[in-house]
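Take a look at the structure below.
The values are calculated or read from the model by the stated rules, or taken from the named source; none is laboratory data. Keep in mind that what you see is a predicted model, and the values were worked out from it rather than measured. Note that each Cβ is placed from the backbone with ideal geometry, even for glycine, and that neighbours are counted across all protein chains shown. Surface accessibility is based on the protein's heavy atoms, side chains included, excluding ligands, DNA and RNA. Shrake-Rupley method; radii C 1.70, N 1.55, O 1.52, S 1.80 Å.
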Amino acid sequence: MENLFDRRRFLQQAAMLGGLSASRTAWSAEKEPVPDRPEAHPPLGKGQGIYPGRVVWVHDPKVIDWQGPGDGHWWTPGRIKKDRLQAMLARAVMELTGQDSPAKAWDKLFRHFNQTHGRGDVGYRTGEKILIKPNWVGFIWRDRNVDPQTYQLVRRQDYMNTSPQILIALMTQLVKEVGVRPADITICDALALLADEFYQILHEAFPEVRYEDFGGKPGRIKVKGSDTPLYWSCRPTGVAQDYLPASFAEATYLINLANLKGHTGAGVTLCGKNHFGSLVRWPVQQGYYDMHRGSFNPQRKAYREQVDLLGHAHLGGKTVLNLIDGILTGKHHIDPTPRRWKAPPFNDFWPCSVLASQDAVAVDSVAFDFIWDAWEDCARMPRGEDYLHEAALADNPPSGTFYDPNHPTPTQRLGSLGVHEHWNNPEERKYSRNLGRPEGIELLAARID
């Protein structure tokens, strides 16, 4: 019934906005036969990063000690092992950059970012601000999972939000290995009420970090808007102008810390869709452009909002690293608790994984493959990967859209935002570069025992 509800809601929204000519078109597209595996195709787009298209997958089955609902809560102290998670993140950035220490790895990441952005061969400089965007969709203020007065979790206590432990591991590396002052770090999901259970864990570890959220309760900072606009490339009319939060506009660098989740409407919610929480308004808030119009559209070769978000100068354009928290996983919004993965090496346990890449399209492509092969009822929809095709080919996308979220009228078309393809099979998990080809994705797998 949940999927049916999502389709009906999309059709209602599309009808109001003129998005579809007839509901029969949407239903027929949604009912296309879905193959057991995604459609094979050569690499699309241009790989990004020091090693173009490189994605690192780190797996540690001992990183969490939690058996599921009834065994306390997964986010409470001691459940996620801080030392093991710290080791996973360190391994991820070292493998990604080809360096032998986290300090050298982070320096390489910042230097590469600055070189490719015309700032010269310089690393991180003291005083530069870093914005970390987690996925706290389980804390969205409208859903009432967090009491707006007490800020306590009252529903979905075990939902798969970005864990406070991975944020602490990330901030530990930024502070100790890079030399970032905690006060120059902001953690913000603009739509969330940062639940007290998570806030206390974070604040105890890093009290000087700026924690921004929708409500601004004591200890948190209420997110505010800026005068930096975002323009939707479908060029909607009669809607309010979107602006970025001030903290995003003022940051020098951004780290996109998404979650490994499926989605009943969009197929997956990874680095691309994580930015639905990077605006100071509800995605379908009345008066604004409906962000679900494109991401829920069941037709193929359609405009996708994720491309504008990944291509905006102050969002994807500032991103020094894309991370996916895959310790736990599930499907938004119907799963109140995480799902296990049956296939090896997961063996009917949690994914216990971290994915990292400089290439947002490549890391989402790998995560998409994992999700597709994990569940028959998730991601396996005809248009679930469509935004990856659009993003990889943003300079000449299948939809024909002139993607330019940085100007009020089509002025400067986005280039390719990364590379997209699928692995050869779910057993070997090899992509084109793993098979000796000069283009495509390279997946480096690391296991911590």
Open item on the list: So, Arg181, is that one open to solvent by 30 Å² or more (accessible area, probe 1.4 Å), basic (Lys, Arg) and under 19 Å from Gly330 (Cβ atoms) or not?
Closed with: no
- [ ] Please specify each residue of region 401-449 satisfying the condition of being open to solvent by 10 Å² or more (accessible area, probe 1.4 Å), in contact (Cβ under 8 Å) with a residue 60 or more places away in the chain, of a type in the set (Gly, Ala, Ser) and assigned to a loop (DSSP other than H, G, I, E, B).
- [x] Gly415, Ser416
Task: Per-region count, region 185-209, residues open to solvent by 10 Å² or more (accessible area, probe 1.4 Å) and in a helix (DSSP H, G or I) - done: 8
- [ ] Go through (1) within 22 Å of Arg447 (Cβ to Cβ); (2) in a helix (DSSP H, G or I); (3) not small (Gly, Ala, Ser) and name the single condition Leu174 misses.
- [x] (1)
TODO: Among residues belonging to region 86-128 that are of a type in the set (Asp, Glu) and over 22 Å from the mean Cα position of the chain (by Cα), point out the one that is least open to solvent (accessible area, probe 1.4 Å).
DONE: Glu128
Task: Matching residues in region 9-66 - criterion: being at pLDDT 95 or above, of a type in the set (Val, Ile, Thr) and within 30 Å of Arg340 (Cβ to Cβ) - done: Val55, Val56, Val58, Val63, Ile64
Task: Out of His314, His275, His333, His292, sole residue that is of a type outside the set (S, T, N, Q), open to solvent by 10 Å² or more (accessible area, probe 1.4 Å) and closer than 21 Å to Leu388 by Cβ - done: His292
TODO: Would you check which residues across region 282-292 are out of contact with any helix residue (DSSP H, G or I) (no Cβ under 8 Å at 6 or more places or on another chain), in a loop (DSSP other than H, G, I, E, B) and in contact (Cβ under 8 Å) with a residue 40 or more places away in the chain and list them?
DONE: Gly287, Tyr289
Task: Thr150 being of a type in the set (S, T, N, Q), touching a helix residue (DSSP H, G or I) at 6+ places or on another chain (Cβ under 8 Å) and free of Cβ contacts under 8 Å to residues at least 60 places away in the same chain - done: yes
- [ ] Go through (1) at pLDDT below 95; (2) touching a Cys at 6+ places or on another chain (Cβ under 8 Å) one by one and return the number of the condition Ala343 breaks.
- [x] (2)
Open item on the list: With the requirement that a residue be over 20 Å from Val354 (Cα atoms) and out of contact with any strand residue (DSSP E or B) (no Cβ under 6 Å at 6 or more places or on another chain), what does region 426-439 give you?
Closed with: Ser432, Leu435, Gly436, Arg437, Pro438, Glu439
Open item on the list: Taking the criterion of being open to solvent by 50 Å² or more (accessible area, probe 1.4 Å), within 29 Å of Asp158 (Cα to Cα) and either out of contact with any Phe, Trp or Tyr (no Cβ under 6 Å at 6 or more places or on another chain) or not in a loop (DSSP other than H, G, I, E, B) (or both), would at least one residue in region 210-218 satisfy it?
Closed with: yes
- [ ] Could you identify the single residue in Asp373, Asp364, Asp395 that is open to solvent by 30 Å² or more (accessible area, probe 1.4 Å) and not in a loop (DSSP other than H, G, I, E, B)?
- [x] Asp373
Task: Tally, over region 31-84, of residues that are closer than 15 Å to Tyr431 by Cβ and open to solvent by less than 40 Å² (accessible area, probe 1.4 Å) - done: 10
